[in-house]
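Enquirer: One structure coming up, written as structure tokens, with questions to follow.
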Amino acid sequence: MRRPGEMANAYLAGKRGGFSKPLGLFLFVALASLLLFDVGVKYRLEKRIAEMQADYPVAYQKWLNTPRGTFQANQDLPAFVNDQAKKYWDRTVALTAPQAWLDGAYTRSRLGYFFTLLNLPIIAVLLKIIFWRRKKYIGEHLVVATYFYCVTFPLMLGILFMSMTQVIGTAYLAWSIMGMYSLLLLDTINTVYGGRPWVNFVRALMVVVMITYVLPWITQWLAPAYILLRG
């Protein structure tokens, strides 16, 4: 299997017959991952409820009979966002507590999936910024980002899946996956852009920090937009 950097170099050099085009590859990976992620998250969440019902029947029955509270608007958000959030609340208020929890957890997992897709254009923009002297078009950086992203997107979904379903050992596995992500990014940068390895290491580290820490901080402010899309 070719590395992301090799595929990007070959495509940019005009050798486009031996493997999938960036857009087609991205759509396949994104849609296939969405299907597997949806099935996996839903199965894991339903299994957790079934385990609680079997292992802690008294606590489960108490949870089942817990009345839903009233909607509390978030004063830090615009009024139209709170209106949409209230519509969502009203639609799910008739559900039992376990069903409401399942629906909310599933919604958050979908939210995480779609915001993980934002990594692709963000990586392309970051590459454009840190390699501005190379005089490459944003489309060329997007090709590089797409091949890298198609290899690493399943890894990122793995972290998201484990965090959503609280799989045992999530923290250790997540750091291992981030290590693989970082090494692949460094290899891609070295292969496509060349230059001094230690400088590329710093650049790769900058991208990883943006994706790992800065982007999640930004998405917590963008998250209400998902409520608007869902309606």
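Enquirer: How many residues does segment 62-73 contain that are in a helix (DSSP H, G or I) and exposed (fewer than 11 other Cβ atoms within 10 Å of the Cβ)?
Expert: 0
Enquirer: In segment 153-198, how many are open to solvent by less than 40 Å² (accessible area, probe 1.4 Å), on the phi > 0 side of the Ramachandran plot and modelled with pLDDT under 75?
Expert: Matching residues across segment 153-198 total 1.
Enquirer: Could you please find all residues in segment 199-218 being open to solvent by 60 Å² or more (accessible area, probe 1.4 Å) and touching a residue at least 24 places away in the same chain (Cβ under 8 Å)?
Expert: The answer is M206, M210.
Enquirer: Could you grab the pairs with beta carbons closer than 9 Å, sequence gap of 6+ or different chains, first residue in segment 134-162 and small (G, A, S), second one open to solvent by 40 Å² or more (accessible area, probe 1.4 Å)?
Expert: Here the result reads A145/P121; A145/I122; A145/V125; G158/L173, each pair linking segment 134-162 to a residue that is open to solvent by 40 Å² or more (accessible area, probe 1.4 Å).
Enquirer: Checking F80 against (1) aromatic (F, W, Y); (2) more than 24 Å from L160 (Cα to Cα); (3) surrounded by 13 or more Cβ atoms within 10 Å (Cβ to Cβ): exactly one of these is not met. Which one?
Expert: Every condition holds for F80 apart from (3).
Enquirer: What are the residues in segment 109-137 that are closer than 15 Å to N200 by Cα and either part of a helix (DSSP H, G or I) or open to solvent by 30 Å² or more (accessible area, probe 1.4 Å) (or both), if any?
Expert: I123, L126, L127, K128, I129, I130, W132, R133, R134
Enquirer: Determine whether R91 is open to solvent by 40 Å² or more (accessible area, probe 1.4 Å), under 27 Å from the mean Cα position of the chain (by Cα), farther than 26 Å from L183 by Cβ and free of Cβ contacts under 8 Å to residues at least 24 places away in the same chain.
Expert: Yes, satisfied.
Enquirer: Hey, can you tell me all the residues within segment 199-231 that are among the β-branched types (V, I, T) and either modelled with pLDDT of 80 or more or touching a Gly at 6+ places or on another chain (Cβ under 7 Å) (or both)?
Expert: Those that are among the β-branched types (V, I, T) and either modelled with pLDDT of 80 or more or touching a Gly at 6+ places or on another chain (Cβ under 7 Å) (or both): V199, V202, V207, V208, V209.
Enquirer: State whether one or more residues within segment 144-167 are hydroxyl-bearing (S, T, Y) and touching a Phe, Trp or Tyr at 6+ places or on another chain (Cβ under 6 Å).
Expert: The answer is yes; a qualifying residue exists.
Enquirer: Cβ-Cβ distance below 6 Å, separation of 6 or more or different chains: which pairs start in segment 45-74 with a residue that is within 20 Å of T92 (Cβ to Cβ) and end on one that is open to solvent by 90 Å² or more (accessible area, probe 1.4 Å) and at pLDDT 85 or above?
Expert: That search, which allows pairs on different chains as well, returns Y60/Q53.
The values are calculated or read from the model by the stated rules, or taken from the named source; none is laboratory data. Keep in mind it's a predicted model, so treat the numbers as computed, not measured. Cβ sites come from the backbone with ideal geometry, for glycine too, and all protein chains shown count toward neighbours. Side chains are part of the model used for accessible areas, which takes the heavy atoms of the whole protein and leaves out ligands, DNA and RNA. Shrake-Rupley method; radii C 1.70, N 1.55, O 1.52, S 1.80 Å.
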